[in-house]
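Enquirer: Can you keep this structure in mind? I'll have questions shortly.
The values are calculated or read from the model by the stated rules, or taken from the named source; none is laboratory data. Computed from a predicted structure; not experimentally measured. When we count neighbours, we look across all protein chains shown, and the Cβ atoms used for this are built from the backbone with ideal geometry, even at glycine.
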Amino acid sequence: MPAGLVEITFTLNGREVAVAVDPSRTLLHVLREVLDLTGTKQGCDGEGECGACTVLLDGQAVRSCLTPILKVAGRQVLTVEGLGEPGRLHALQRAFIDHGAVQCGYCTPGMLVSAAALLAREPAPSEAQIVEALAGNLCRCTGYVKIVQAVQASAAELRGEPRPPAGAPPPRPIGGSEVRVDAADKVTGRARYAEDYKMAGMLYAALVRSPHPHARIVSIDVAPALALPGVLHALTAADIPGLNSLEGYSRDEPLLNPPGGSVRMLGDAVGLVIARSPEAAAAGAGAVAVEYEPLPHVYGAREALDEGAPAVHGGGNVLNSYEILYGDLDEAMGQAEEVVETHYFTPFIEHAALERESVLSYVEEVPGGERIVVVAGHQEPHWAQGWISRLLGLPLERVRVITPPTGGAFGGKQDPWPLMAGALAAFHARRPVRLIYSRHESFAASPKRHPYRMDYRVGARRDGRLTGLHLRIVANTGAYDCDGWYIPQYALVAGGGPYRWQAVDGRAWAVYTNGPKAGQMRGFGTPQSTFGRECTLDELAERLGIDPLDLRMQNALAGEEETFLGYRPAETLGYRECLEAVRPHYRRAVEEAGSWNRQADGPWRRGAGVAGMWYRFGKSGSIACHAEAELGLDGAITLFFSAPDYGQGTTTAIGQIAAEALGVDARSLRLVNADTAHTLDSGIQGASRSTYWVGGAVAEAGRALKAHIQRTAAEMLDRPPDSLKVDTDSVVAPGGSVVSLSSVAAEMERIGLRRRLVAAFSPQVDQLLAAGERPEYLPFFVAGAHVAEVEVNLGTGEVRVARVVAAHDVGRVINRQGVEGQIEGAVLMSLGAALMEEYVPGVTRGLADYYLPTFCSMPHIDVIPVEVPSRWGPYGAKGLGEAATLPTAPAVVNAIYHACGARVRELPATPERVLAAIRKERS
Ligand code: FES
Ligand code: FES
């Protein structure tokens, strides 16, 4: 046995194992790195903060990241792999699948074993007991609701109660709750995320990061690192063969800051070390000698605009600005009989996807040479391919990006930086390299949501008709652009909202500071200004003495009207329908809160708030999107598209759309998603675009292939093409003649017909708009409205959210569970922003000091899908994933006001801020 190792024996998933271990290691390390049981996940830095690593030790749920391996000797360990396996699933695993409790799946193994421990000691747990037992397991995707339902259902099954009969399958693939294509792999621990891959001869990378928020780099000396055992390479900017730049995604952002340049935020990278072990790589990164000359820094956007403020990139600190001028504001304000002025503030918000940034990179042989392969969760693999090829000075085809299962993204994994660093490492090492951010690195170096300062001035007639909107927004884009260039426009478009304004004067700025780089995050720039506007409308409603929901309805845009942007929405707009959908819930909640408060004799008061929104889905650029469909020689149909599935269920939904188009069973289809070597670039995958655009392209490809199959089979069966039904493995003619799909494929091959077809989806937006009216951004909007019911403690400022009712115009439900899960998850994420989440530059370091919603934060959530069919989307669908993050925070803050008369104007509404607002109101 190698020196330093000891042999221990324990029972793992029912089998005795003997393993030589480093006694200083944890159980998590041994499971994942020694035994290759990668179902158990790591979401934090082994600090016990996330619960992803939970396993059972002698039946007790424990954090394997905190369990010394020597403590395991002679004991029983159960991991998710031992709970059940395909064909022999545990009741919990089945229930998680059936109830849609799995999204990205990164938290799922830990959730399952925690729940298994609970059910072993409590066969009939109450909801409160489930919440208590799972409170230490974080999930950033699901909103927890379906997990609780799944635990309850499996408990009932284990008690011997009959499982509720499965409902009749939907007559068509669209609109049902088709099981996620990846659910079985995720509940059994078989799904392999980037961090789970191992390759022979794999090396490890670590980054040299700045301890200063702003400093000049005087010199970098890598020699001390290279002198350490196990360190093979220590790279700086000088080792980048191509363009040291993220230009196109982030202006002025290099991959590695060179000597003579500056670091502009804590955690900015100046070097990359590659070594034989993670420990040697970390030691090497620590040994690189960097001489810094600290410079003055600025964290606040307003301060960054002051004369004499530190120049983050030289010159002024304004990255970009935008203005919207519509109508005559002076005239509109002149007609106003009531004018309200407000100021609202939001902070940096962290994505906190449970999977940290993880990249495996290697060199593979291909005909004619080699190519760099990068395996990583990323939202735009084809775009990442482009940045990597420019970084390395390689042709595009010499770079391949593969998107494996991804443990959450929420916009944060649009940043190509980690993939570029991984590619650079493999380029130099010429061996596989694994790069994984620590959770602290992820907090420091990943993009955040932009903090806003918002100044609203809103005018209205006494009868409630809105007249003018004057809006100023200053957004903090941190140290780098990261698409912050577009923030001013997004802020203003969302800031005006789905309302009929007579005139608008809106201006917004994105400002550089030395805060963390701010970038894409779910809703990109829109939740903040939606919060400001919807709270301002409530302030206006009170001044006018008009019911808040009635004020919104009175001014809500219908789909055909021109907007304050100067054009009509290209798609149908179901805002009024959403307001109608929540109306009875709002009325009931207001009434119930009133009667509770009239009788309350303790510190708690209840309140109800409403908020609405629109969200522009889709982005600028090409309006057309492409996908492919192929009939294989084995008769199987494969769809090729690029809509990375980071938990939101795009692969499943797009499979349903393809099945509908082809008329076959969704489960018979092969789906190839987001591998640049095999799929076309289906365009940017943000802005809730996948179902509408990529789904639209897949529907077109499916229909084209179906027609192609029918024409070929028609010749074979001597029947008209339209009379033939394409089935899962055959084509059937009236009267019963049948030809198999494999025979059809063979016939296509024989006569030289292509079996793989490309098709495009291109909504005819130009037909709707007058000549020359095409705006810079596509005028596609979705809408929604939320009602929040809260309890506020007048003595402590504590806020509990009891219920959220969420109505969203989804156009057409493609996957019911998917729609519910997206909305529930977004509600919890937004509830976090409303009450607890705040990243403070220079202070916040990780999950220990950044509070995320847990099971204990979970309100009752009622999801109301509103179906106002789209004009062009596949089967009427629209985008959804981000929209639901917009209305919860303002609905909660409006409900706090309704409960106690205290207006909170800065998020998050912590107990301290609520209490301060209550005291201010009383003073
Ligand atoms: Fe163990 Fe986070 S990895 S609690
Ligand atoms: Fe729980 Fe993604 S499904 S973290």
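Enquirer: Scanning for something in contact with a His (Cβ under 9 Å, 6 or more places away or on another chain) and among the aromatic types (Phe, Trp, Tyr), does region 627-645 turn up at least one residue?
Expert: yes
Enquirer: Do the conditions hold for Ala848, that is, is it in contact with an Asp or Glu (Cβ under 8 Å, 6 or more places away or on another chain) and under 28 Å from Glu49 (Cα atoms)?
Expert: Details: in contact with an Asp or Glu (Cβ under 8 Å, 6 or more places away or on another chain): yes; under 28 Å from Glu49 (Cα atoms): yes.
Criteria met by Ala848.
Enquirer: Kindly establish whether Gly663 is surrounded by fewer than 24 Cβ atoms within 10 Å (Cβ to Cβ), out of contact with any Leu (no Cβ under 7 Å at 6 or more places or on another chain), modelled with pLDDT under 95 and at positive phi.
Expert: Working: surrounded by fewer than 24 Cβ atoms within 10 Å (Cβ to Cβ): yes; out of contact with any Leu (no Cβ under 7 Å at 6 or more places or on another chain): yes; modelled with pLDDT under 95: yes; at positive phi: yes.
Yes: the conditions hold for Gly663.
Enquirer: Trp501 fails exactly one of the following numbered conditions: (1) within 21 Å of Leu540 (Cα to Cα); (2) in contact with a helix residue (DSSP H, G or I) (Cβ under 6 Å, 6 or more places away or on another chain). What is the number of that condition?
Expert: In the conditions (1) within 21 Å of Leu540 (Cα to Cα); (2) in contact with a helix residue (DSSP H, G or I) (Cβ under 6 Å, 6 or more places away or on another chain), Trp501 misses (2) alone.
Enquirer: Every residue in region 165-183 that is in contact with a Lys or Arg (Cβ under 8 Å, 6 or more places away or on another chain) and either at pLDDT below 75 or more than 18 Å from Lys146 (Cβ to Cβ) (or both), please.
Expert: Once the filter is applied, which keeps residues that are in contact with a Lys or Arg (Cβ under 8 Å, 6 or more places away or on another chain) and either at pLDDT below 75 or more than 18 Å from Lys146 (Cβ to Cβ) (or both), region 165-183 yields Ile174, Gly175.
Enquirer: Same structure, new question: Provide a single number: the residues in region 77-109 that are within 13 Å of Lys146 (Cβ to Cβ), surrounded by fewer than 24 Cβ atoms within 10 Å (Cβ to Cβ), of a type in the set (A, V, I, L, M) and away from ligand 2 (no atom under 13 Å from the Cβ).
Expert: 0
Enquirer: Right, here's the next one. Please work out if Leu419 is more than 16 Å from ligand 1 (Cβ to nearest atom) and over 30 Å from Ala475 (Cβ atoms). Can you show your working first?
Expert: Values: more than 16 Å from ligand 1 (Cβ to nearest atom): yes; over 30 Å from Ala475 (Cβ atoms): no.
Criteria not met by Leu419.
Enquirer: Going residue by residue through region 772-784, is there one that turns out to be buried (at least 20 other Cβ atoms within 10 Å of the Cβ) and at pLDDT 95 or above?
Expert: Start the filter on region 772-784 by keeping residues that are buried (at least 20 other Cβ atoms within 10 Å of the Cβ), which leaves 778-784.
Still in the running and at pLDDT 95 or above: 783-784.
Yes, region 772-784 contains a residue that is buried (at least 20 other Cβ atoms within 10 Å of the Cβ) and at pLDDT 95 or above.
Enquirer: Residue check, Arg845 against (1) in contact with a Phe, Trp or Tyr (Cβ under 7 Å, 6 or more places away or on another chain); (2) crowded, with 19+ Cβ neighbours inside 10 Å; (3) not aromatic (Phe, Trp, Tyr), all met but one. Which one?
Expert: Only one criterion is unmet by Arg845, namely (2).
Enquirer: Here is a list: Val55, Val19. Which entry is touching a residue at least 12 places away in the same chain (Cβ under 8 Å), assigned to a strand (DSSP E or B) and buried (at least 20 other Cβ atoms within 10 Å of the Cβ)? Even if it seems obvious, please write down each step before you answer.
Expert: Values: Val19 fails: buried (at least 20 other Cβ atoms within 10 Å of the Cβ).
Exactly one residue qualifies, and that residue is Val55.
Enquirer: Assess whether Val62 counts as being within 16 Å of ligand 1 (Cβ to nearest atom), within 15 Å of Ala115 (Cβ to Cβ) and without any contact (Cβ under 8 Å) to a residue 40 or more places away in the chain.
Expert: Values: within 16 Å of ligand 1 (Cβ to nearest atom): yes; within 15 Å of Ala115 (Cβ to Cβ): yes; without any contact (Cβ under 8 Å) to a residue 40 or more places away in the chain: yes.
So Val62 fits the description; yes.
Enquirer: Now for a separate question. Return the pair list, or none, for Cβ contacts closer than 6 Å from residues in region 180-196 that are among the basic types (Lys, Arg) to residues that are assigned to a helix (DSSP H, G or I), at least 6 apart or on different chains.
Expert: Arg180/Thr652; Lys186/Thr108
Enquirer: Mind checking which pairs have a first residue in region 910-923 that is at pLDDT below 95 and a second that is part of a helix (DSSP H, G or I), Cβ under 9 Å, 6 or more apart or different chains?
Expert: If the second residue must be part of a helix (DSSP H, G or I), the pairs left are Glu921/Cys900.
Enquirer: Name the pairs whose Cβ atoms lie under 6 Å apart, with the first residue in region 864-888 and touching a residue at least 40 places away in the same chain (Cβ under 8 Å) and of a type in the set (Val, Ile, Thr), the second buried (at least 24 other Cβ atoms within 10 Å of the Cβ) and in a loop (DSSP other than H, G, I, E, B), and 6 or more positions between them or separate chains?
Expert: Val866/Gly574; Val868/Gly574; Thr885/Arg522; Thr885/Gly523
Enquirer: Quick check on Val131: is it away from ligand 1 (no atom under 16 Å from the Cβ), on the phi < 0 side of the Ramachandran plot and not in a helix (DSSP H, G or I)?
Expert: Details: away from ligand 1 (no atom under 16 Å from the Cβ): yes; on the phi < 0 side of the Ramachandran plot: yes; not in a helix (DSSP H, G or I): no.
No: the conditions fail for Val131.
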